[in-house]
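The values are calculated or read from the model by the stated rules, or taken from the named source; none is laboratory data. Since the structure is predicted, the reported quantities are computational estimates derived from the model, not experimental observations. As a convention, Cβ positions derive from the backbone with ideal geometry for all residues, glycine included, and neighbour counts pool all protein chains shown.
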């Protein structure tokens, strides 16, 4: 069963077309990754799904409902949550204050205590540092706060844009383990990643974008064995 269906998506930044024909399905309780070179349209695709960029053609269907023209807040209320690239935190607010800022929809506010405890279970270090300013955290810890803030909305679909960008290799594996753990707990995950090999290892399905179009898809294992993927993305 598809949790999310993206159909023939087209979108532009002003007069510059970024997406021409992007289409893929995200199955419920699965990990799906979007791969491709810089400028392929991966971030634009996530922004379009989240409602941060208007689409020109195509559709975004979530839980069987056409969300293509819905406001971003309505999409969050439906269960979409996006972790954008770049660790966009409130630097002068504490860890706990940053997390609480993610619980702005009614359903999340109603279970605020349970949600923040869930995040602390996922990231015990954040509970230890809950009173510290976000600006005082390491890069990896700041990314934990970003993901934790998205989880505060109690999402059905968690979307992440380059969650391991700029992190030390010793920390990266922990984030992929986290995504697998969230999936095992029943969450649906859609991730854009630069670490192709690690992403494909944990992904149920994967789609490759090039020049604003979906050009290749398969299971994570199928794409790991694909000669085209090996040559272009794995240097094998």
Quick count over segment 30-53, residues being buried (at least 17 other Cβ atoms within 10 Å of the Cβ) and within 21 Å of residue 150 (Cα to Cα), is 16
Segment 204-236: number of residues that are in contact (Cβ under 8 Å) with a residue 24 or more places away in the chain and at positive phi: 2
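Quick one: in segment 121-131, of everything that is part of a helix (DSSP H, G or I) and touching a residue at least 24 places away in the same chain (Cβ under 8 Å), which residue is surrounded by the fewest Cβ atoms within 10 Å (Cβ to Cβ)? Give the derivation first.
Filtering segment 121-131 down to residues part of a helix (DSSP H, G or I) leaves 121-122, 124-128.
Adding the requirement that they be touching a residue at least 24 places away in the same chain (Cβ under 8 Å) leaves 122, 126.
Working: 122: 16, 126: 23.
My answer is 122.
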When you look at residue 205, is it under 25 Å from residue 8 (Cβ atoms), modelled with pLDDT of 95 or more and surrounded by fewer than 22 Cβ atoms within 10 Å (Cβ to Cβ), yes or no? yes
Exactly one of (1) out of contact with any helix residue (DSSP H, G or I) (no Cβ under 9 Å at 6 or more places or on another chain); (2) closer than 23 Å to residue 152 by Cβ; (3) surrounded by fewer than 19 Cβ atoms within 10 Å (Cβ to Cβ) is unmet by residue 94. Its number? (1)
Given (1) assigned to a strand (DSSP E or B); (2) under 18 Å from the mean Cα position of the chain (by Cα); (3) closer than 20 Å to residue 214 by Cβ, where does residue 47 come up short, assuming only one miss? (1)
Residues in segment 84-98 that are closer than 19 Å to residue 161 by Cβ and in a helix (DSSP H, G or I): how many? 1
For segment 132-171 the number of residues that are touching a helix residue (DSSP H, G or I) at 6+ places or on another chain (Cβ under 7 Å) and part of a helix (DSSP H, G or I) is 10
Selection over segment 54-83 where residues are in a loop (DSSP other than H, G, I, E, B) and surrounded by fewer than 18 Cβ atoms within 10 Å (Cβ to Cβ) yields a count of 7
Would it be correct to say that residue 100 is farther than 26 Å from residue 222 by Cβ, buried (at least 23 other Cβ atoms within 10 Å of the Cβ) and touching a residue at least 24 places away in the same chain (Cβ under 8 Å)? no
